[in-house]
1. Among the residues of region 210-226, is there at least one that is in the same structural domain as residue 81 (by TED's automatic domain parsing), at pLDDT below 85, touching a helix residue (DSSP H, G or I) at 6+ places or on another chain (Cβ under 6 Å) and assigned to a helix (DSSP H, G or I)?
2. Take residue 170 and decide whether it is at pLDDT 85 or above and either surrounded by 16 or more Cβ atoms within 10 Å (Cβ to Cβ) or at negative phi (or both).
3. With the requirement that a residue be part of a helix (DSSP H, G or I) and surrounded by 13 or more Cβ atoms within 10 Å (Cβ to Cβ), what does region 27-53 give you?
4. Among 79, 150, 98, which is the only one that is assigned by TED's automatic domain parsing to the domain that holds residue 64, farther than 24 Å from residue 208 by Cβ, surrounded by 13 or more Cβ atoms within 10 Å (Cβ to Cβ) and modelled with pLDDT of 90 or more?
5. Kindly evaluate residue 23 against the criterion of being over 25 Å from the mean Cα position of the chain (by Cα), surrounded by 15 or more Cβ atoms within 10 Å (Cβ to Cβ) and in a helix (DSSP H, G or I).
6. Before we move on, is residue 138 more than 28 Å from residue 176 (Cβ to Cβ) and surrounded by 12 or more Cβ atoms within 10 Å (Cβ to Cβ)?
7. Got a sec? Which of 22, 14, 6 is over 17 Å from residue 240 (Cβ atoms) and out of contact with any helix residue (DSSP H, G or I) (no Cβ under 8 Å at 6 or more places or on another chain)?
């Protein structure tokens, strides 16, 4: 009964992906046929091969993976200890600092593009994947700390105190007791950071110059922008392949995602 009620919403959500897939496997002559055909007369899988070679898709896929994974790891390294400190310890300006983290989320990256460009040029990191990793991490750390602190606060401190009484050090209690319990929230934070870095377009367009450093959003854009004719079957094929890593990651870690989003909301 639940699936029956949700089926109209499911169809609305899956409809764009269905159109994207059917367009990606159509022969070129049928993309703009009138009246339009929903199903192709023949499935032309060669569109994916032609797109891969024409767009240098493999290089863009590797660049996006390196940048997104690097930013995610850096965010976790910084945000997990920061969120733990906010959740467990009392220190001066704790509340103003937490409010400052929330206020930073009101700024769009687009507002800071010009300043970031001057900063990156000054540091001689223009057209560098490392610059994107640092910038993406900087934009996501505040959200990650704010998201993790509420979940960390819901984990009973008595568990760590029991480990300390049994002879564990503070670090050992965190690694052996706290981290396994906090894993769902850390996975949720990693997913959000990865998706934000994977989909980002404006900063990458501003800072990257050479095509061998292009990420997937820039590579898909290059199939459309500045061209007299657009091969839409290749654009749809590139877009479909660009969504697969995120969809696979989300499906694989879905149980952690649901747990992290719900458990941290209740103390």
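The values are calculated or read from the model by the stated rules, or taken from the named source; none is laboratory data. None of these values were measured; they are calculated from a predicted model. So basically every Cβ, Gly included, is an ideal-geometry build from the backbone, and we count neighbours across all protein chains shown.
1. No, region 210-226 contains no residue that is in the same structural domain as residue 81 (by TED's automatic domain parsing), at pLDDT below 85, touching a helix residue (DSSP H, G or I) at 6+ places or on another chain (Cβ under 6 Å) and assigned to a helix (DSSP H, G or I).
2. Values: at pLDDT 85 or above: no; either surrounded by 16 or more Cβ atoms within 10 Å (Cβ to Cβ) or at negative phi (or both): yes.
So residue 170 does not fit the description; no.
3. As a first pass, look at region 27-53 and keep what is part of a helix (DSSP H, G or I): 28-31, 46-53.
Scanning region 27-53 gives 28, 30, 31, 47, 48, 50, 51, 52.
4. Numbers: 150 fails: modelled with pLDDT of 90 or more; 98 fails: modelled with pLDDT of 90 or more.
Testing whether each residue is assigned by TED's automatic domain parsing to the domain that holds residue 64, farther than 24 Å from residue 208 by Cβ, surrounded by 13 or more Cβ atoms within 10 Å (Cβ to Cβ) and modelled with pLDDT of 90 or more leaves just 79.
5. Numbers: over 25 Å from the mean Cα position of the chain (by Cα): yes; surrounded by 15 or more Cβ atoms within 10 Å (Cβ to Cβ): yes; in a helix (DSSP H, G or I): yes.
So residue 23 fits the description; yes.
6. Working: more than 28 Å from residue 176 (Cβ to Cβ): yes; surrounded by 12 or more Cβ atoms within 10 Å (Cβ to Cβ): yes.
Against the criterion (more than 28 Å from residue 176 (Cβ to Cβ) and surrounded by 12 or more Cβ atoms within 10 Å (Cβ to Cβ)), residue 138 qualifies.
7. Values: 22 fails: over 17 Å from residue 240 (Cβ atoms); 14 fails: over 17 Å from residue 240 (Cβ atoms).
Unique residue meeting the criteria: 6.
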